[in-house]
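Here you go, one structure.
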Amino acid sequence: EGALVVIACDNNGQVMRLVELLRAADLDTCPLYTREPDQWHPSRAPGGIEPVVLMVGPLHHGFSWRPLELMLITDREIFGRYRRRHVYRKFHRGSPVSEADEITRGDHVVHVDHGVGIFLGIRQQEVDRQVRDFIELEYADGNRLLVPVEKIRLVQRYSVSEGETPKLDKLGSRRWLQRRRRTEKQIRELAEELLQLYAKRAAGQGQTCAQDSGMQAEFEASFLYPETPDQARAIDEVKRDLESNRPMDRLICGDVGYGKTEVAIRAAFKVIQEGRQVAFLCPTTLLAEQHMHTLTERFAEYPVRVEMLSRLRTVAQQRETIARLRRGEVDIVVGTHRLLSKDVKYVDLGLIIIDEEQRFGVAHKERLKKIRESVDVLTLTATPIPRTLHMALSGLRDMSLIQTAPADRHPIKTRIIHWDEDQITEAVLRELNRGGQVYFVHNRVHSIHDVATHLSEIVPTARIAIAHGQMAERELEEIFTRFVDGEFDILVATTIIENGLDIPNVNTIVVNRADAFGLAQLYQLRGRVGRDVKRAYAYLIVPEGEDVTDQAVRRLATIEEFSELGVGFQIALRDMEIRGTGNLLGAEQHGAMQSIGFELYCELLEEEVKRLKGEPVAPWRDIEIRWPITAHLPASFIPLESQRVSLYKRLSVARRLEDVEAVAGELSDRFGRLPPQAHALLQIARLRVLGGELGLTQITATAEGVRLSGAVWTDVIRAADPLPDGVRRTVVENSAAARMLMPDLSPPARLGAAVELCRRWVDQLRDESSAQRAAG
């Protein structure tokens, strides 16, 4: 009709794709990503037909403007996308997965040499006329143990399952040593088993994928959202595995909604292009249905055939799907453990994707173990992996951590309320008025209909549906499908919604009797909302006038306080570091973790892995520093005791000078000008690290200066020139001792001079070592 046609696309990948499609239909195109707008002129092309202009722009709907003969169309209208969200390029980095090792008064802790006790706090005592901080621990029979803060690395938080009270060890008892030896044996067996599996995979020959094709690049460019840095790194690592000639077995670990599924989808597409089949294994039928919807939508514009195999399909449908799998007519099949049945055969299975493997039974895991030896396996899990466990498992399992939140993801506002009809009505109507939907969790099937009826009375305009695990599979499927399609405003459900449902339009969740849920469960339920750019809300209802346990109060306070992005990971770790990560390693290792504590377990596992791989395990050098100076973190400088404990621990475990400087910088940034006691503490920490590199065992302040004991390099000491200010000279006593003479300096000045001189010796030793390596 002579109109100018402009197509608005999500990204350059879609522009490239449409250029090819339109040229195949003999239509001229003008993609603006390759030509500057001011270089394009809207004059008629030869033949009177204007080139189709393709541009990048986040538009939802097209329009026509007859006076200018302009027609704008969006790629959504061309391809009929299922849903579309705002795409903003601004990226907010979330908090990384960190350690859940903060110790507060009353916490159970484990001392490496003495076992399980209770942390009573920081206690100050005067030793040799100097004020020092000690960690006070209580053991069985009321016995107390004082641990100097410089040895706080020996004390770790002891994680226990909720409701469990661990038995305290007796000081001097053999019971702790026996338990530790037994656990070390279990760790050795685990490490050997995993190393054997790793070696078998490394020796095996897997199927190799070619490097990314143009279609792969086009498929990835059509993803509606910008990848987070961690997500992009995980995708690259998976691709390298697929392109190698050994079977892949990689674990993708990330929080709910952090983009693990997209990593799996891209891997599946890469394998399918090689002509091989993909199986997507899910623990529940509802999660399988959710993945079916996601895959169908994602592959809709490509020649990829997706089928599902679960109880939601009739026997006839299952039989037909299995037959098509055998004939190679299905590219990717989604399903529950039904996929592991003996009657399910594949023409050429290239990849199996497992969502939440720890939810499968022992028999299914044995079947998967056999599959791992020859087929590429990609496992997805939302169980948070603390850095300590990740380090311990490195070398045993290939693992990718997705730690950063997607762009424009907002923290979920969390409030604890009593049953208040006005507040509930306000919360529901606020969500409905902005076009959203609501989850209402009531985990009692016998009264769920009464709750739904009550909600319909206080919010009469809302369309309400009910879902629980005792419903027929088909009925449940229909309810969820209609809810996703927007036919209902409120879904009153049990915790059946906890597992992996991704409905971006639901951004308010109300949890009735939240005091009856565990911390991890509340965290997972809250993760069902907040998956869009809209602000999400979580309301936790607790009973009024009824007793709520102290543990429930602490859980609710924690979930309410920690709602920032990434910080939620830390509170989940508090509940999951034993139960969740234990599931990753098996029931026996779960018991081993509980026996000696999570941190000590990871430390021993990491050492055992290095030992079995023939890597050197550097022994810890305990350097005793005797200095007549007050060195600690005053309570007036850092009022919160748990923060002081955490900083003491970081200084205690520091093996590099950079680690000490990081703490020093953080202290200045967070708390201001350092008092003399804190400055002295940092100097002693520096001296301990430098002395460790020099191989010293003791550094002692004397009447005339400083005495160094241990392995002393006499050539280095005699060559140290010029000496720091105030240091007269160094005297080598023998091959294992030396003295620095500095009688004119005060104790703080002597400490600074000793640090400076040790730093010079370390630098000189490093230079000599580098020169020897270069010569050799």
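The values are calculated or read from the model by the stated rules, or taken from the named source; none is laboratory data. Quick caveat: nothing in here was measured; it's all calculated off a predicted structure. We place every Cβ from the backbone using ideal geometry, glycine too, and count neighbours over all the protein chains shown. These accessible areas exclude ligands, DNA and RNA; they are computed on the full protein's heavy atoms, side chains included. Shrake-Rupley method; radii C 1.70, N 1.55, O 1.52, S 1.80 Å.
Checking Val238 against (1) out of contact with any strand residue (DSSP E or B) (no Cβ under 7 Å at 6 or more places or on another chain); (2) assigned to a helix (DSSP H, G or I), only one condition comes out false. Which one?
The one condition Val238 does not meet is (1).
For the stretch 323-336, give me each residue that is more than 21 Å from Cys209 (Cβ to Cβ) and either modelled with pLDDT under 85 or surrounded by fewer than 18 Cβ atoms within 10 Å (Cβ to Cβ) (or both).
Ala323, Arg324, Arg326, Arg327, Glu329 - these are the residues of the stretch 323-336 that are more than 21 Å from Cys209 (Cβ to Cβ) and either modelled with pLDDT under 85 or surrounded by fewer than 18 Cβ atoms within 10 Å (Cβ to Cβ) (or both).
Would you check which residues across the stretch 740-766 are among the charged types (D, E, K, R) and in contact with a Gly (Cβ under 9 Å, 6 or more places away or on another chain) and list them? Outline the logic, then answer.
Looking only at the stretch 740-766, we keep the residues that are among the charged types (D, E, K, R), and these are 744, 750, 756, 759-760, 763, 766.
Residues satisfying the conditions are Asp744, Arg750.
Looking only at the stretch 638-651, which residues are crowded, with 16+ Cβ neighbours inside 10 Å and either farther than 19 Å from Arg132 by Cα or of a type in the set (A, V, I, L, M) (or both)?
Across the stretch 638-651, the qualifying residues are Ile638, Val645, Leu647, Leu651.
In addition: Quick one: which strands (runs of 3 or more DSSP E) sit completely within the stretch 111-193 and have at least 1 residues that are out of contact with any Pro (no Cβ under 6 Å at 6 or more places or on another chain) and on the phi > 0 side of the Ramachandran plot?
Values: elements: 115-127, 130-138, 144-148, 155-157.
Because the criterion is at least 1 residues that are out of contact with any Pro (no Cβ under 6 Å at 6 or more places or on another chain) and on the phi > 0 side of the Ramachandran plot, the strands (runs of 3 or more DSSP E) in the stretch 111-193 that meet it are 115-127.
On to the next question. Between Ala654, Ala631, Ala662, Ala635, which is more than 16 Å from Phe134 (Cβ to Cβ) and either at pLDDT 90 or above or surrounded by fewer than 14 Cβ atoms within 10 Å (Cβ to Cβ) (or both)? Spell out how you get there, then give the answer.
On the way: Ala654 fails: either at pLDDT 90 or above or surrounded by fewer than 14 Cβ atoms within 10 Å (Cβ to Cβ) (or both); Ala631 fails: more than 16 Å from Phe134 (Cβ to Cβ); Ala635 fails: more than 16 Å from Phe134 (Cβ to Cβ).
After applying the criteria, what remains is Ala662.
Restricting attention to helices (runs of 4 or more DSSP H) lying wholly within the stretch 590-705, give those where 3 or more residues are within 19 Å of Val149 (Cα to Cα) and among the hydroxyl-bearing types (Ser, Thr, Tyr).
Details: elements: 598-612, 641-653, 657-671, 676-694.
The qualifying helices (runs of 4 or more DSSP H) are 641-653.
Taking the conditions exactly as written (modelled with pLDDT under 85, part of a helix (DSSP H, G or I) and at negative phi), does Ala771 satisfy them or not?
Values: modelled with pLDDT under 85: yes; part of a helix (DSSP H, G or I): yes; at negative phi: yes.
Here the answer is yes, as Ala771 does meet what is asked.
Hey, another quick one. So Val271 passes all but one of these: (1) without any contact (Cβ under 8 Å) to a residue 60 or more places away in the chain; (2) touching a Leu at 6+ places or on another chain (Cβ under 8 Å). Which condition number does it fail?
Result: Val271 passes all but (1).
Hey, another quick one. Which condition does Tyr302 not pass, out of (1) open to solvent by 30 Å² or more (accessible area, probe 1.4 Å); (2) not in a helix (DSSP H, G or I), if it passes all the others?
(1)
Still on this structure: For the structure I just gave you, tell me whether Pro504 is touching a Lys or Arg at 6+ places or on another chain (Cβ under 8 Å) and over 25 Å from Tyr258 (Cα atoms).
On the way: touching a Lys or Arg at 6+ places or on another chain (Cβ under 8 Å): yes; over 25 Å from Tyr258 (Cα atoms): no.
When the stated conditions are applied, Pro504 does not pass them.
Let me ask something else. Among Arg444, Arg474, which is out of contact with any helix residue (DSSP H, G or I) (no Cβ under 7 Å at 6 or more places or on another chain), modelled with pLDDT of 85 or more and surrounded by fewer than 17 Cβ atoms within 10 Å (Cβ to Cβ)?
Numbers: Arg474 fails: modelled with pLDDT of 85 or more.
The unique qualifying residue is Arg444.
Answer yes if at least one residue in the stretch 183-191 is open to solvent by 90 Å² or more (accessible area, probe 1.4 Å), within 28 Å of Gly275 (Cβ to Cβ) and either modelled with pLDDT of 85 or more or among the charged types (D, E, K, R) (or both), and no otherwise.
No, the stretch 183-191 has no match at all.
For the stretch 714-764, enumerate the residues that are open to solvent by 10 Å² or more (accessible area, probe 1.4 Å), in a loop (DSSP other than H, G, I, E, B), hydrophobic (A, V, I, L, M, F, W, C) and at pLDDT 85 or above.
Leu745 - this is the single residue of the stretch 714-764 that is open to solvent by 10 Å² or more (accessible area, probe 1.4 Å), in a loop (DSSP other than H, G, I, E, B), hydrophobic (A, V, I, L, M, F, W, C) and at pLDDT 85 or above.
Let me ask you something else. So which of Glu320, Glu301, Glu307 is of a type in the set (D, E, K, R), more than 21 Å from Thr481 (Cα to Cα) and modelled with pLDDT of 90 or more?
On the way: Glu301 fails: modelled with pLDDT of 90 or more; Glu307 fails: more than 21 Å from Thr481 (Cα to Cα).
The conditions single out Glu320.
Being modelled with pLDDT of 80 or more and of a type in the set (Gly, Ala, Ser) is the filter; apply it to the stretch 38-84 and report the residue that is nearest to Glu1 (Cα to Cα).
Top of the filtered list is Ser64.
Cβ-Cβ distance below 7 Å, separation of 6 or more or different chains: which pairs start in the stretch 596-624 with a residue that is touching a residue at least 40 places away in the same chain (Cβ under 8 Å) and end on one that is in a loop (DSSP other than H, G, I, E, B) and of a type in the set (Gly, Ala, Ser)?
Gly597/Ser159; Phe598/Ser159; Val609/Gly395; Lys613/Gly395
For (1) at pLDDT 90 or above; (2) open to solvent by 10 Å² or more (accessible area, probe 1.4 Å), each residue gets a yes or a no:
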| position | (1), (2) |
| --- | --- |
| Ile497 | no, no |
| Asp502 | no, yes |
| Val506 | yes, no |
| Val511 | yes, no |
| Leu522 | no, no |
| Arg528 | no, no |
| Lys534 | no, yes |
| Tyr537 | yes, yes |
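Residues are listed down the side, and each one gets a yes or a no for (1) modelled with pLDDT of 85 or more; (2) within 27 Å of Asp485 (Cβ to Cβ):
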site: Gly204; (1), (2): no, no
site: Gln207; (1), (2): no, no
site: Asp241; (1), (2): yes, no
site: Arg250; (1), (2): yes, no
site: Gly254; (1), (2): no, no
site: Pro283; (1), (2): no, yes
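Mind checking which residues of the stretch 230-259 are open to solvent by 40 Å² or more (accessible area, probe 1.4 Å) and charged (D, E, K, R)?
Hits for the stretch 230-259 are Arg233, Asp236, Arg240, Glu243, Arg246.
Which one of these is more than 30 Å from the chain's Cα centre (by Cα), open to solvent by 20 Å² or more (accessible area, probe 1.4 Å) and among the acidic types (Asp, Glu): Glu289, Glu274? So that I can check it myself, show each step before the final result.
Details: Glu289 fails: more than 30 Å from the chain's Cα centre (by Cα).
One residue alone meets the criteria, Glu274.
Would you be able to say whether some residue in the stretch 221-229 is loosely packed, with under 15 Cβ neighbours inside 10 Å, more than 20 Å from Gly350 (Cα to Cα) and within 24 Å of the chain's Cα centre (by Cα)?
Filtering the stretch 221-229 down to residues loosely packed, with under 15 Cβ neighbours inside 10 Å leaves 229.
Okay, now just the ones that are also more than 20 Å from Gly350 (Cα to Cα), so 229.
With within 24 Å of the chain's Cα centre (by Cα) added as a condition, the list becomes 229.
Among the residues of the stretch 221-229, at least one is loosely packed, with under 15 Cβ neighbours inside 10 Å, more than 20 Å from Gly350 (Cα to Cα) and within 24 Å of the chain's Cα centre (by Cα), which makes the answer yes.
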